[in-house]
Each structure stands twice: as structure tokens, then as C-alpha cells.
């Protein structure tokens, strides 16, 4: 047997771990574990491609004045792998590694001299990093969950910023949560999150709620970041209605003499997405998903990377941004292929 395939199979063999309310298999035997029955397939190894339809952008700046253009091409490629680290009856630790590449293409950029658009046009904005997931029993049906991720995000691969420390591009997020497993169909929890969900790094409260309220229906929520209503028409099919607040930050280089005081700046953005997703299993171990929805922008601003995080939402209207932009909404499509660590797959590989 090919050693690389065997290695991945060994990783998948133990991925029966609970990660923020998703059922990872045998962990349902633990009365405290936040996983519930009826949730969708576990995405062990996943690759996805997302594209957005064209949309308008208008910008204002005390340095550059006003500008406007149209983004006629915006795509994101992602690859992600989940794997176990440590498992027992009262403590479960898992990890993931992830790579993504995003690109913008502006319309009529040769005749448009606005610095933001020229600097972003056809630039590959990369994200490389990983996450650590921990769930532990506190007492009886009470549990503690913790998620930490760290990523290098931006154009750090460019030669012209070789003198900038890699830590300039380091973005970190974390979420501690305490919760309760009500029964095999319901769990909930409360906690805090420090993340770029709103574009700027913010510390805010979160509420987790997972409930299978009928044979084929359920809801999964991590508020205020996301909520999903799911329906399972058959064993190998899920239909999901989703609302998701998605934000992030890229550290980027502007090759402009007016910004020589800054070696890097941050592009901070946040979108609110509404979508319908169909997950379909080709086999119990190989699945695809297609998602279509509408994206509306909350912010798309360029700021000095030295700006710290806030304990409230006041920075959503940050007056210290170097460039403030208003971005139009638009339709997006996402296609994913992922491998599920099912018993069938493990048996075929001789590991079950």
C-alpha cells in the first residue's frame, strides 16, 4: 500500500473528535461531548474554489482622494486537512493545516491610477497556517472548548518586502467556550472570541447552539459569526441554508512613495453571506458540495498595521483608516470536494 495514502488513512482513523459542535463519530458515546446526532459529514481533507461575480468599489482617502472601479474577478482557492493529536474519554485535541490563495482583478486598471486598485490588481494574497481544537469534560454533562489558530496572511512571498519580519503577517484568533450537553440531540455554550470576524481584531461574546429538532432537520449556530439550518432528504445528501459573517485581514505592501513611512499596511474586510448549500455523497467517504449565495460587504478598508484591537465594535467605523472603501454586493459560488473518514474507507485501507 502506498505509504502516503496509509499515512492519511491513519490520520483519518482517529478523527472521531468533536470540533465546536460537529459530530465526529464515536464521541457521541461520551455524555458530555458537544457533538449531536444528525449533523453533516466530517470534512477530513477538503479542497474548495470560490468565485464572486463582478461588483463595484468606491474609495475615499485623505492621502489619495476618491476613486472608483469595478472588480470583475475575485476568486479564492482553499485546501484544508484535519487530524487528531490526542484522544481519550475526557480530553480530545485535534489540529488542522490550511492554505488559501485569493486574487482580485480590476476592470480598466491600465487607465485607473488609484493606488489601492493598482496594488491589489492580480496580486496573490496568501494564507498559510493551522488551528488547534480542544474539548474537555469539566463535570458530568459540562464541557470546555478552545480553538486557537495562527496564520501568515498577505503578500509576504514578494521579494520587495524581504526586509519585513514574517511576524508582520501573523494573524491569531482564539475562542474559549463553556457548554452543556442537554441530550444526544442538543448542546449549547457561551464564551468569548478574539478574531477578525468583523474585519478588525475584536473581542466579543459568542453563543453556541446545536439542535436536531426533528428526524431530518437541525440547526447549528455560533453566534454572531454563523448559523445554519440543515435538512437531510437522504443518507448521502444534506441541504443547508446558511448565514455567515466572514472577515479577515491581509498585510500587504503598497509600492507608493506617499506611503514610504509604512513598510506594510493591512487590508481589513468583512462580508455578510447568505447562501444555500447542497452536500452530496458520491460514496460515504467521498463528498462534494455546491454553494450559491449573495455577499454584502461590511468593510473593505486599508489601515496602519500598528492599530491594535478593540474591545467593542467601535472600530467598525474606524476613522483612522488610510483608505475607506464601499464595496457593492454580489452573487458568489463555491464548489468543494472532500474526503470523509468513514468506516468504509478505513476498512478498505485495512485499518478497521
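The values are calculated or read from the model by the stated rules, or taken from the named source; none is laboratory data. Source: prediction; values computed, not measured. Cβ coordinates were reconstructed from backbone atoms using ideal geometry, including for glycine residues, and neighbour counts include every protein chain displayed.
Observations, loosely collected:
- Against the conditions (1) surrounded by fewer than 19 Cβ atoms within 10 Å (Cβ to Cβ); (2) modelled with pLDDT under 85; (3) out of contact with any helix residue (DSSP H, G or I) (no Cβ under 7 Å at 6 or more places or on another chain), residue 256 satisfies every one except (3).
- Options 67, 129: the member that is modelled with pLDDT of 95 or more, in contact with a strand residue (DSSP E or B) (Cβ under 8 Å, 6 or more places away or on another chain) and either under 20 Å from residue 253 (Cβ atoms) or surrounded by fewer than 16 Cβ atoms within 10 Å (Cβ to Cβ) (or both): 129
- Filter pass, residue 94 being modelled with pLDDT of 90 or more, surrounded by fewer than 18 Cβ atoms within 10 Å (Cβ to Cβ) and in contact with a strand residue (DSSP E or B) (Cβ under 8 Å, 6 or more places away or on another chain): no
- Where residue 111 falls short, out of the listed (1) at pLDDT below 90; (2) over 23 Å from the mean Cα position of the chain (by Cα); (3) surrounded by 16 or more Cβ atoms within 10 Å (Cβ to Cβ): (3)
- Criterion (under 18 Å from residue 252 (Cβ atoms) and in contact (Cβ under 8 Å) with a residue 12 or more places away in the chain) met by exactly one of 98, 102: 102
- The set of residues in region 330-348 that are crowded, with 16+ Cβ neighbours inside 10 Å and either at pLDDT below 65 or outside any helix (DSSP H, G or I) (or both) comprises 330, 332, 334, 336, 338, 339, 340, 341, 342, 346.
- Test: residue in region 207-217 that is touching a helix residue (DSSP H, G or I) at 6+ places or on another chain (Cβ under 8 Å), at negative phi and either modelled with pLDDT under 95 or assigned to a strand (DSSP E or B) (or both): no
- Near pairs, Cβ below 6 angstrom, 6+ apart or cross-chain, from region 278-290 (in contact (Cβ under 8 Å) with a residue 12 or more places away in the chain and on the phi < 0 side of the Ramachandran plot) to any residue that is surrounded by fewer than 18 Cβ atoms within 10 Å (Cβ to Cβ) and not in a strand (DSSP E or B): 281/236; 284/344; 285/344
- Residues of region 218-248 satisfying the condition of being buried (at least 16 other Cβ atoms within 10 Å of the Cβ) and in a loop (DSSP other than H, G, I, E, B): 225
- Residue under evaluation residue 140, criteria (1) over 22 Å from residue 250 (Cα atoms); (2) modelled with pLDDT under 90; (3) surrounded by 14 or more Cβ atoms within 10 Å (Cβ to Cβ), criterion not met: (3)
- Annotation note: of 300, 290, the sole residue that is assigned to a strand (DSSP E or B), modelled with pLDDT of 90 or more and closer than 30 Å to residue 41 by Cβ is 290.
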